[in-house]
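Below: one structure, written as structure tokens.
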Amino acid sequence: MKQPDLIPIAGDATSDACWMQRAIAAGALGDARVRPNPLVGCVLVQDGVQVGLGWHAQVGGPHAEIVALADAGDCARGATAYVTLEPCNHHGRTGPCTEALIAAGVARVVIGCRDPHHAAAGGLARLAEAGVAVTAGVEELAAGALAEVFLTNVVQRRPFVQLKLAATLDGRTAARDGTSRWVTGEGARAAVAQLRAQADAVLIGSGTALADDPRLDLRHLSHDLRSQADGAAGPVRVVLDRRGRFHSGLQLAQPGTQRTVVYAVPGAWSGKAEALTQAGVALCEIPDGGDWLQRVLADLLAHHRICHVLCEGGPTVAAALLQACAVDRIDLLLAPKLLGAGAPVIEDLGIGTIAAAQVWQWSSVQMVGSDVWLVARPGAQPHPVG
């Protein structure tokens, strides 16, 4: 189907941006229950007045456009629909939103960003074919950020990867003697639990599993927040264990409501596989190679339906993800402490000159108790090291 010429018409650009921002805010009311679908918001406007509002709340449930159309009722006819992501044009769990918009008599559709999914794309072309005026790219960056998990899944064919780092002011994660509990304060630990509640899986390396014997649960969340989390038990725990060091005595291997998935190269668990599988641990083998980590991430999405990964591993895992350019967001929690020696927050990235530095952009900063919480996203597109 031919793509339409997306020429802005019949609308002031400033107004379009304002209404799209409202649609983005509505979309943010959704949560992880929409996965593998994207977060989407929709606002219907008639003569400068909002007549309908909707967002995607749960996979299998009505899409944002359908909710907004129901909210607007007869007022949808002749209205402008502001949708954060290109309306779908296929039959999936629900019918195509394009047909619903056309049937409701919507006169114009404004979108934030296009849908790259091969099955769902083509929505704007279908609308234009039906005589609906279309405009694309309004508040595109913000709309893309709303759907960033979905867009990463579709374009990169891997989960969205969020890297959590906790360090002292001088970039240490542990003291000279190896002690690391606790670098940051109780407020930071509660913030990390909130990040876990938003993720499908938490990823660590076997070094962290052995040294810290973590639980990776939601115990630091308040009762109210824990009950609101998607599955109060917490995310899937994923361990990278190329050397086969993971064992059934660890807390992550104890039977419970949270799943644990461990990745290693073939033959790594010689003599231990039966005990681990009896404990309910899922053992996954990935042949060794330079792209081992990328294939692990692809497997998590394809075979375990993990759309969003929070990495809480140590400096080695952090460096491996960064070298592979497989990090989409960094959450850095800085404690007002100095050690002067000890483990670094990230191992050597193989970068020899400042000109080759990976460039990131700060997107937010806030205080959490006595600690600082910084969020960064990729800046200039880096290239894999090696």
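How big is the Rg/Rh ratio for segment 285-386, C-alpha atoms only, Rh by Kirkwood, two decimals?
Values: Rg = 15.4 Å, Rh = 15.6 Å.
My calculation puts Rg/Rh at 0.99.
Taking a probe of 1.4 Å, how large is the accessible area per residue of the chain, in Å²? Don't skip to the end; give the middle numbers.
On the way: 17780 Å² over 386 residues.
Result: 46 Å² of accessible area for each residue.
Based on the Cβ-Cβ distance from T257 to W362, what FRET efficiency comes out when R0 is 35 Å, to the nearest 0.05? Please report the intermediate quantities before stating the final value.
Working: r = 37 Å, r/R0 = 1.05.
It comes to 0.45.
Would you tell me the accessible area of K337, worked out with a 1.4 angstrom probe on the heavy atoms of the protein chains, in Å² to the nearest 10?
We get 90 Å² for K337.
What distance in nm separates the two pseudo spin-label positions at A302 and A103, each 7 Å out from Cα along the beta-carbon direction?
Computed distance between label sites A302 and A103 equals 3.7 nm.
Return an integer: the convex hull volume of the alpha-carbon atoms of the chain, in Å³ per residue. Write down the numbers at each step before the final one.
Numbers: hull volume 62.8 nm³, N = 386.
It comes to 163 Å³ per residue, whole-number rounded.
Using a Gaussian network model of the chain with C-alpha springs under 10 Å, which one of A199, A174, A103 is most mobile by mean-square fluctuation?
A103
Suppose the chain between D74 and A355 were pulled fully straight at 0.36 nm per residue; how much longer would it get relative to their current alpha carbon spacing? Display every interim value, and only then the final one.
Values: separation 281, 0.36 × 281 = 101.16 nm, distance 5.86 nm.
This chain segment gains 95.3 nm when fully extended.
Quick check: with the 1.4 Å probe, what order do W55, W292 take by accessible area, largest first? Mind showing how you got there, number by number?
On the way: W55 85, W292 10 Å².
Most to least solvent-accessible, the answer reads W55, W292.
Let's test the formula: R0 of 45 Å, r as the Cβ-Cβ distance of H91 and A341. What FRET efficiency results, to the nearest 0.05?
Details: r = 61 Å, r/R0 = 1.35.
FRET efficiency, H91 to A341: 0.15.
Between A57 and R219, what's the calculated FRET efficiency when r is the beta-carbon distance and R0 is 30 Å? Round to 0.05. Show your work: numbers first, answer last.
Values: r = 27 Å, r/R0 = 0.90.
Result of the calculation: an efficiency of 0.65.
Run the quick spin-label model on L169 and L374: label points 7 Å from Cα toward the beta carbon, then report their separation in nm to one decimal.
1.4
The values are calculated or read from the model by the stated rules, or taken from the named source; none is laboratory data. Quick caveat, the model's predicted, so the values are computed rather than measured. Note that we place each Cβ from the backbone using ideal geometry, even for glycine, and neighbour counts take in every protein chain shown. Accessible surface areas use protein heavy atoms only, side chains included; no ligands, DNA or RNA. Shrake-Rupley method; radii C 1.70, N 1.55, O 1.52, S 1.80 Å.
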